[in-house]
Amino acid sequence: MSTPDANKDFFDKAENIRKLWICLYGVCALLALADFLLPTKGHFGFDGFWGFYSILGFVSCAALILLSKVAGFLLKVPEDYYE
Amino acid sequence: MSSIPPAVIFILGALLVPLFRDKSKNIFIIFLPIAAFYLITQLETGSFWHYHLYGHDLTLLRVDKISKAFGYIFTINAFAAFVYAFYLKDNTQHMAALFYVGSSLGVVFSGDLISLYFYWEIMAVSSTILILARRTQRALNAGMRYILVHLFGGLCLLAGLVFHVSQTGSVSFDAMTQQSLGTVLMLIGILVNAAAPPFSAWLSDAYPESTVTGGVILSAYTTKTAVYTLVRGYPGWEVLIIVGCIMTIYGIIYALLENDMRRILAYSIINQVGFMVVGVGIGTTMSLNGTIAHAFCHIIYKALLWMSAGAVLAMTGRSKCTDLGGLYKTMPWTLLFGVIGALSISSFPGTSGFTSKTLIIEGSIQEHLAWVWMVLEIASAGVFLHAGIKFPYFVFFAKDRGLRPGEANKSMLMAMGFLSFLCIFLGVYPQPLYAILPFEVNYQAYTLHHVVNQLQLLMFSALVFFLFLPLLKRTETVSIDTDWFYRRGGHFFYRMVDKGLNGLNEIAERVFAVRFPEVLGKVSREFPWRLSLLIVKPVWILRGSGPEELEAKRDALRRSLDVGAAPVGIGAAVATAFLLLFFILTDLL
């Protein structure tokens, strides 16, 4: 009796994924805006500007992913490399 | 009762394991960490069991807040791991695990370097058995590499210990104050166990090859006894700040490249131990507290993560991200517990990582170490990428591979539930943890600023993960790590030695076995003949022999010398000539 959609779970449906994306963007936007209410208190002087932690999180993770991508070109080998 | 070394319970208990059958075996094993935990609560501070051995004062039991803190978590984790392994009836694994946990308790409660070294080596051997217990060829090979690396580390420790003891005359184990060959060698030996690059590859090589429960147990003890030893012996050694920072970033990069879920978790151990090593390097009361608190919480959430990965491996028989996905449909509890572990390792507010790791970060702020603080914050964001999201996402969500395994068995779920509870409990109410730390904690993790900043860091990290998802697509690859030098480099070395030494052998054979006897034979044949000729030829010429006659006589002489049929006179003449030559030469010289 099952239609194709009935077998699908929450995460299988495209509209749910879209909603999750909206949630993620929304949460990030709210957190970034929170800096207007709670200005970041820097510890060292260079870290006290608006949105410091949001920017740090975004930029450092993007950099780590790109770095690992570059490292991957040099380091990745087939699974049976050592066999 | 107040002075029984806790290691004794596990080591004696291990010997009794084969006497028990079926469920009573597992119940007995679960009882041991409970007894040891109770014993540790009852231990009085001080040193006990002093022995004088070969001119050295051994202290078999030293109890203070540092050793107790590690003792508590080692026994709590052992309890959870043995509940998890309730289905397991394999004596080998149980006995190895008990020896392993017991000897790591031995390390943290040893008052001197010699007994510490003794337990250190028992740990190396028993942990190897936990890897071999999977009984696959890959595990066997990985186990052999593992023990070789640890024997190397153990030898560094032993050599350093010998230098240190002969220099200072004392075997007591306290903070090392001077940099000498001895203390540096010991530090290298300890850093091998802490999985600091370049001695780190053993961890990601061996742990993922261990059994389902072996991985859970292994993840806790070797690296954390190393952290304990650093806290005790090397607080404030600034080189550790650099080593720790490298470990945090190194762990993230490799974990991002990995495909096997247990190898991802293995690399994230290196990343997390990096934070602890930085804390030791900073060496203030705040950062040392942070290191111990973080080791405590890390053991819990890392065991939890290994348990959830182990449950997936046990139920599906797969461990590669490219083979897994969509498991949330049939393993919701394993997913839930795995996510709690993943949030804890990422120091999400409300979990134990948040209340422990921030002590180390606060330590770097108090010491005005701006670049260290930056690295730790970047690494914190990166943890959420590689362990916080990547592990649960690729295993439980991502692409549905059509796998429909059942939920993990009850004992596994109970153990995971217990550790999940601890993760959240210590996340919202860290006071019991702070109370067992060696120094007083005057720190409040939950300020509005701190929570918001941490959430900003983590949620933007999550955003990057999903935006960059195409770049993170899993490939069926492994990554070259420092084990290349002994896995591939070993082959090169073998070939080089093969060519070099066997080449030398060949040359030696050509020269000494073939050519030299040839020359020697020729000389011993030619020399008497030429010498005789030298003497008799003038005589023949004086007698008036013609050239043809001379030729014939020469050949005749040669033949008779070859067969040893020379007339006695000639032999005597040669001997006389030889003696004459000898005397002339000795006289001249």
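Conditions: (1) farther than 30 Å from B:Val563 by Cα; (2) open to solvent by 100 Å² or more (accessible area, probe 1.4 Å); (3) among the acidic types (Asp, Glu). B:Glu509 meets all but one. Number of the miss?
Of the numbered conditions (1) farther than 30 Å from B:Val563 by Cα; (2) open to solvent by 100 Å² or more (accessible area, probe 1.4 Å); (3) among the acidic types (Asp, Glu), the odd one out for B:Glu509 is (1).
Would you pick out the residues in the stretch B:534-589 that are open to solvent by 80 Å² or more (accessible area, probe 1.4 Å) and among the aromatic types (Phe, Trp, Tyr)?
Within the stretch B:534-589, B:Phe578, B:Phe582, B:Phe583 qualify.
Looking at (1) open to solvent by 10 Å² or more (accessible area, probe 1.4 Å); (2) farther than 15 Å from B:Thr225 by Cα; (3) modelled with pLDDT of 95 or more, which is the one condition that is false for B:Phe296?
Unmet condition: (2).
Conditions tested, residue by residue: (1) crowded, with 19+ Cβ neighbours inside 10 Å; (2) more than 29 Å from the chain's Cα centre (by Cα).
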site	(1), (2)
B:Leu385	yes, no
B:Phe394	yes, no
B:Leu403	no, yes
B:Met412	yes, no
B:Val428	no, yes
B:Asn442	no, yes
B:Leu455	yes, yes
B:Lys473	no, yes
B:Thr482	no, no
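Just checking: which of the helices (runs of 4 or more DSSP H) contained wholly in the stretch B:148-240 hold 2 or more residues that are over 30 Å from B:Phe86 (Cβ atoms) and without any contact (Cβ under 8 Å) to a residue 12 or more places away in the chain?
none
Only residues that are within 14 Å of chain A (Cβ to nearest Cβ), open to solvent by 10 Å² or more (accessible area, probe 1.4 Å) and either in contact with a helix residue (DSSP H, G or I) (Cβ under 7 Å, 6 or more places away or on another chain) or assigned to a helix (DSSP H, G or I) (or both): list them for the stretch B:302-327, please.
To start, the set of residues in the stretch B:302-327 that are within 14 Å of chain A (Cβ to nearest Cβ) comprises B:318-323, B:325-327.
When the remaining residues are screened for being open to solvent by 10 Å² or more (accessible area, probe 1.4 Å), the result is B:318-320, B:322-323.
Matches in the stretch B:302-327: B:Ser319, B:Thr322, B:Asp323.
Residue by residue through the stretch B:176-198, note down the ones that are closer than 30 Å to B:Ser308 by Cα and either crowded, with 20+ Cβ neighbours inside 10 Å or in contact with an Asp or Glu (Cβ under 6 Å, 6 or more places away or on another chain) (or both). Quick ask: steps written out before the conclusion?
So in the stretch B:176-198, the residues closer than 30 Å to B:Ser308 by Cα come out as B:190-198.
Those that are closer than 30 Å to B:Ser308 by Cα and either crowded, with 20+ Cβ neighbours inside 10 Å or in contact with an Asp or Glu (Cβ under 6 Å, 6 or more places away or on another chain) (or both): B:Ile190, B:Leu191, B:Val192, B:Asn193, B:Ala194, B:Ala195, B:Ala196.
Within the stretch A:50-83, restricting attention to residues that are more than 23 Å from the chain's Cα centre (by Cα) and open to solvent by 90 Å² or more (accessible area, probe 1.4 Å), which residue is modelled with the highest pLDDT?
Keep residues of the stretch A:50-83 that are more than 23 Å from the chain's Cα centre (by Cα), which gives A:74-83.
Retained after the next criterion (residues that are open to solvent by 90 Å² or more (accessible area, probe 1.4 Å)): A:74, A:80, A:83.
Numbers: A:Leu74: 90, A:Asp80: 85, A:Glu83: 78.
Looking at the filtered set, the residue picked out is A:Leu74.
Go through the stretch B:237-293 and give me each residue that's within 14 Å of another protein chain (Cβ to nearest Cβ), open to solvent by less than 10 Å² (accessible area, probe 1.4 Å) and of a type in the set (Phe, Trp, Tyr).
B:Tyr267, the sole residue that qualifies.
Out of (1) over 19 Å from the mean Cα position of the chain (by Cα); (2) within 8 Å of chain B (Cβ to nearest Cβ); (3) surrounded by 14 or more Cβ atoms within 10 Å (Cβ to Cβ), what's the single condition that is false for A:Asp47?
In the conditions (1) over 19 Å from the mean Cα position of the chain (by Cα); (2) within 8 Å of chain B (Cβ to nearest Cβ); (3) surrounded by 14 or more Cβ atoms within 10 Å (Cβ to Cβ), A:Asp47 misses (2) alone.
Can you spot a residue in the stretch B:81-92 that is over 30 Å from B:Ala435 (Cβ atoms), open to solvent by less than 30 Å² (accessible area, probe 1.4 Å) and at pLDDT below 95?
Residues of the stretch B:81-92 that are over 30 Å from B:Ala435 (Cβ atoms), as a first pass: B:85-92.
Applying the additional criterion that residues be open to solvent by less than 30 Å² (accessible area, probe 1.4 Å) yields B:85, B:88.
Adding the requirement that they be at pLDDT below 95 leaves B:85, B:88.
So far as the stretch B:81-92 goes, yes, one or more of its residues are over 30 Å from B:Ala435 (Cβ atoms), open to solvent by less than 30 Å² (accessible area, probe 1.4 Å) and at pLDDT below 95.
So B:Tyr393 passes all but one of these: (1) more than 9 Å from chain A (Cβ to nearest Cβ); (2) touching a helix residue (DSSP H, G or I) at 6+ places or on another chain (Cβ under 7 Å). Which condition number does it fail?
So B:Tyr393 meets the others, but not (2).
Restricting the search to the stretch A:39-58, which residues are farther than 19 Å from B:Lys390 by Cβ and assigned to a helix (DSSP H, G or I)? Break it down stepwise before answering.
Step one: list which residues in the stretch A:39-58 are farther than 19 Å from B:Lys390 by Cβ, which gives A:39-56.
Answer for the stretch A:39-58, where residues must be farther than 19 Å from B:Lys390 by Cβ and assigned to a helix (DSSP H, G or I): A:Phe52, A:Tyr53, A:Ser54, A:Ile55, A:Leu56.
Mind checking which residues of the stretch B:49-76 are touching a Pro at 6+ places or on another chain (Cβ under 8 Å) and either open to solvent by 20 Å² or more (accessible area, probe 1.4 Å) or closer than 23 Å to B:Ser287 by Cβ (or both)?
B:Trp49, B:Leu60, B:Asp64, B:Lys65, B:Ile66, B:Ala69, B:Gly71, B:Ile76
Inspect the stretch B:481-489 for any residue being in contact (Cβ under 8 Å) with a residue 24 or more places away in the chain and either at the interface with chain A (Cβ under 7 Å from one of its Cβ atoms) or among the basic types (Lys, Arg) (or both) and give the result as yes or no.
Yes, because at least one residue in the stretch B:481-489 is in contact (Cβ under 8 Å) with a residue 24 or more places away in the chain and either at the interface with chain A (Cβ under 7 Å from one of its Cβ atoms) or among the basic types (Lys, Arg) (or both).
If you take the residues in the stretch B:333-383 that are open to solvent by 10 Å² or more (accessible area, probe 1.4 Å) and on the phi > 0 side of the Ramachandran plot, which one is nearest to the other protein chains (Cβ to nearest Cβ)?
B:His368
Within the group B:Leu437, B:Leu504, B:Leu520, which residue is surrounded by 13 or more Cβ atoms within 10 Å (Cβ to Cβ), more than 30 Å from A:Asp35 (Cα to Cα) and away from chain A (no Cβ under 14 Å)? Before you say what the answer is, go through the steps one by one.
Values: B:Leu504 fails: surrounded by 13 or more Cβ atoms within 10 Å (Cβ to Cβ); B:Leu520 fails: surrounded by 13 or more Cβ atoms within 10 Å (Cβ to Cβ).
Selected residue: B:Leu437, the only one of B:Leu437, B:Leu504, B:Leu520 that is surrounded by 13 or more Cβ atoms within 10 Å (Cβ to Cβ), more than 30 Å from A:Asp35 (Cα to Cα) and away from chain A (no Cβ under 14 Å).
Within the stretch A:59-81, work out how many residues are part of a helix (DSSP H, G or I) and within 7 Å of another protein chain (Cβ to nearest Cβ). Write out each step before concluding.
Just the residues of the stretch A:59-81 that are part of a helix (DSSP H, G or I), to begin with: A:59-75.
Pick out the ones that are also within 7 Å of another protein chain (Cβ to nearest Cβ) and you get A:60-62, A:64-65, A:67-69, A:71-72, A:75.
The total comes to 11.
Any idea which residue in the stretch B:457-471 is farthest from B:Leu256 (Cα to Cα), counting only those that are free of Cβ contacts under 8 Å to residues at least 12 places away in the same chain and either surrounded by 19 or more Cβ atoms within 10 Å (Cβ to Cβ) or not hydrophobic (A, V, I, L, M, F, W, C) (or both)?
The extreme case among them is B:Met459.
Name the residue that is surrounded by the fewest Cβ atoms within 10 Å (Cβ to Cβ), counting only residues in the stretch B:118-175 that are of a type in the set (Val, Ile, Thr) and more than 21 Å from B:Leu98 (Cα to Cα).
Within the stretch B:118-175, the first condition is being of a type in the set (Val, Ile, Thr), and the residues that meet it are B:122, B:125, B:128-129, B:131, B:136, B:147, B:149, B:162, B:165, B:168, B:171.
Checking the rest, the ones that are also more than 21 Å from B:Leu98 (Cα to Cα) come to B:136, B:149, B:162, B:165, B:168, B:171.
Working: B:Thr136: 11, B:Val149: 23, B:Val162: 15, B:Val165: 17, B:Thr168: 15, B:Val171: 21.
Across the stretch B:118-175, the extreme among qualifying residues is B:Thr136.
Could you go through the stretch B:254-263 and let me know if any residue there is over 22 Å from B:Ile300 (Cβ atoms), at pLDDT below 95, among the hydrophobic types (A, V, I, L, M, F, W, C) and in a helix (DSSP H, G or I).
yes
What's the number of the condition A:Asp12 fails, among (1) modelled with pLDDT of 85 or more; (2) within 9 Å of another protein chain (Cβ to nearest Cβ)?
So A:Asp12 meets the others, but not (1).
Of all residues being assigned to a helix (DSSP H, G or I) and among the polar types (S, T, N, Q) in the stretch B:328-347, which is farthest from B:Leu433 (Cα to Cα)? Just the residue, please. Talk me through it step by step, then tell me what you get.
At the first step, the residues of the stretch B:328-347 found to be assigned to a helix (DSSP H, G or I) are B:328-329, B:332-345.
Of the ones still in play, those that are also among the polar types (S, T, N, Q) are B:334, B:344.
Details: B:Thr334: 26, B:Ser344: 15 Å.
My answer is B:Thr334.
Enumerate the helices (runs of 4 or more DSSP H) found wholly within the stretch B:60-143, keeping only those where 2 or more residues are among the acidic types (Asp, Glu). Before you say what the answer is, go through the steps one by one.
Details: elements: B:65-84, B:91-109, B:113-132.
No helices (runs of 4 or more DSSP H) qualify here.
List the number of the failed condition for A:Phe36; all other conditions in (1) surrounded by 11 or more Cβ atoms within 10 Å (Cβ to Cβ); (2) assigned to a helix (DSSP H, G or I); (3) more than 8 Å from chain B (Cβ to nearest Cβ) hold.
Answer for A:Phe36: the failing condition is (1).
The values are calculated or read from the model by the stated rules, or taken from the named source; none is laboratory data. Everything quoted here is computed from the prediction, not taken from an experiment. Cβ atoms come from the backbone with ideal geometry, glycine included; neighbour counts cover every protein chain shown. The accessibility values were calculated without ligands, DNA or RNA, using every heavy atom of the protein model including side chains. Shrake-Rupley method; radii C 1.70, N 1.55, O 1.52, S 1.80 Å.
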